[in-house]
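Chemist: Attaching a single structure in structure tokens format; questions to follow.
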Amino acid sequence: MIHLKSANVAYKGKTALSDITLHVSQGEKLALVGRSGSGKSTLLNLLYETTDKLSNDTAFVPQEYGLVQNLSVYHNVYMGQLGQHSTLYNLINLMKPFSEQVEQVSDILKNLQLSEKLFEPVAQLSGGQQQRTAIARALMHNGHFLLADEPVSSLDEMQSLLVMNLLCKQFDTIIFSLHDVDLALKFCDRIIGLDHGRVVIDDRSENLNRQQLLKLYEE
């Protein structure tokens, strides 16, 4: 499904990823783990660049959410389906939302405990509410493949479990970037550990434990 061979990425002369070879098969739930600066986000962005965006099958949750602050929650979530409708349809829906789209967005927000924020500007939301709005947009996309960069970093434990369950139920193939190794072990069947831009762990979750993964975060 996705294949990288000896990939390298550098920013301003500094190596961000070094000699990354990776194959992701359809149906895999994969977690990228490692401390900040290890290359997780860079690798996730590189993987996104390799996907076939013309197929409109890949949803992406960036670490900074990628929301339009002056638009409502509804309009931000609906953006997950922009590529599935004509420009005219999208413009009309921007000015006067269609009832069927409002109903679909409302159902998604209900599952994320955000129903009351439907037409509230994103700028007025808390960090956790904005993160759940970005998750709702990915769920609205309704593709088969998800790339999600720290999708629960601003959520409490109960909300994190809720979101992870929803995403794993919705998407056939997922690559998460996660700091929480417990969530990685619980929800993913394969784990990639990164350190200084290199892959140092690539194994099935069943063959790994919490202590092994926490060593990646040691100085």
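The values are calculated or read from the model by the stated rules, or taken from the named source; none is laboratory data. Computed from a predicted structure; not experimentally measured. Note: ideal-geometry Cβ built from the backbone for every residue, glycine included; neighbour counts use all protein chains shown.
Chemist: When the residues of the range 145-168 are filtered to those that are farther than 13 Å from Arg132 by Cβ and under 14 Å from the mean Cα position of the chain (by Cα), which remaining residue is surrounded by the fewest Cβ atoms within 10 Å (Cβ to Cβ)?
Modeler: Looking at the filtered set, the residue picked out is Asn165.
Chemist: Let me ask something else about it. For the range 43-74, give me the residue count where each residue is surrounded by fewer than 19 Cβ atoms within 10 Å (Cβ to Cβ) and over 15 Å from the mean Cα position of the chain (by Cα).
Modeler: Counting residues in the range 43-74 that are surrounded by fewer than 19 Cβ atoms within 10 Å (Cβ to Cβ) and over 15 Å from the mean Cα position of the chain (by Cα) gives 10.
Chemist: May I ask you to list the residues in the range 127-161 that are outside any helix (DSSP H, G or I) and free of Cβ contacts under 8 Å to residues at least 12 places away in the same chain? It would help to see each step written out before you state the result.
Modeler: Of all residues in the range 127-161, those outside any helix (DSSP H, G or I) come to 142-156.
Correct list: empty.
Table: residues versus (1) at pLDDT below 95; (2) within 19 Å of Gln63 (Cβ to Cβ); (3) assigned to a helix (DSSP H, G or I).
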| position | (1), (2), (3) |
| --- | --- |
| Val163 | no, yes, yes |
| Ile174 | no, yes, no |
| Ser177 | no, yes, no |
| Lys186 | no, no, yes |
| Leu194 | no, yes, no |
| Val199 | no, no, no |
| Asp202 | no, no, no |
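Chemist: What residue, of Lys40, Lys14, is assigned by TED's automatic domain parsing to the domain that holds Ile174, farther than 28 Å from Gln211 by Cα and of a type in the set (D, E, K, R)?
Modeler: Checking each option against the conditions leaves just Lys14.
Chemist: Those residues that are surrounded by fewer than 19 Cβ atoms within 10 Å (Cβ to Cβ) and within 21 Å of Leu139 (Cβ to Cβ), I need them from the range 26-42; list them, please.
Modeler: Across the range 26-42, the qualifying residues are Gln26, Gly27, Glu28.
Chemist: Same structure, new question: Hey, can you tell me all the residues within the range 192-219 that are aliphatic (A, V, I, L, M) and farther than 19 Å from Ser18 by Cβ?
Modeler: Within the range 192-219, the first condition is being aliphatic (A, V, I, L, M), and the residues that meet it are 192, 194, 199-201, 208, 213-214, 216.
Once the filter is applied, which keeps residues that are aliphatic (A, V, I, L, M) and farther than 19 Å from Ser18 by Cβ, the range 192-219 yields Leu208, Leu213, Leu214.
Chemist: Looking at this structure, is Leu185 surrounded by fewer than 22 Cβ atoms within 10 Å (Cβ to Cβ) and among the aliphatic types (A, V, I, L, M)? Quick ask: steps written out before the conclusion?
Modeler: Working: surrounded by fewer than 22 Cβ atoms within 10 Å (Cβ to Cβ): yes; among the aliphatic types (A, V, I, L, M): yes.
So Leu185 passes the test.
Chemist: Could you tell me whether any residue of the range 64-72 is farther than 14 Å from Ser177 by Cα, at pLDDT below 95 and among the hydrophobic types (A, V, I, L, M, F, W, C)?
Modeler: The answer is no, given that none of the residues of the range 64-72 is farther than 14 Å from Ser177 by Cα, at pLDDT below 95 and among the hydrophobic types (A, V, I, L, M, F, W, C).
Chemist: When the range 11-25 is examined, which residues are found to be surrounded by 10 or more Cβ atoms within 10 Å (Cβ to Cβ), out of contact with any strand residue (DSSP E or B) (no Cβ under 6 Å at 6 or more places or on another chain) and within 12 Å of Gly39 (Cα to Cα)?
Modeler: Thr15
Chemist: Sticking with this one: Among the residues of the range 103-122, is there at least one that is within 12 Å of Gln69 (Cα to Cα) and crowded, with 17+ Cβ neighbours inside 10 Å?
Modeler: So the first thing to find is which residues in the range 103-122 are within 12 Å of Gln69 (Cα to Cα), and the list is 120-122.
Imposing the further condition that a residue be crowded, with 17+ Cβ neighbours inside 10 Å reduces the set to 122.
Yes, some residue in the range 103-122 is within 12 Å of Gln69 (Cα to Cα) and crowded, with 17+ Cβ neighbours inside 10 Å.
Chemist: Can you pull out every residue in the range 50-92 that is assigned to a loop (DSSP other than H, G, I, E, B), within 21 Å of Ser25 (Cβ to Cβ) and not charged (D, E, K, R)?
Modeler: Result: Thr51, Asn56.
Chemist: Quick test of your reading of the structure: Thr58 fulfils all but one of (1) of a type in the set (Ser, Thr, Tyr); (2) within 20 Å of Gln131 (Cβ to Cβ); (3) at pLDDT 95 or above. Name the failing condition by number.
Modeler: Going through the list (1) of a type in the set (Ser, Thr, Tyr); (2) within 20 Å of Gln131 (Cβ to Cβ); (3) at pLDDT 95 or above, Thr58 breaks only (3).
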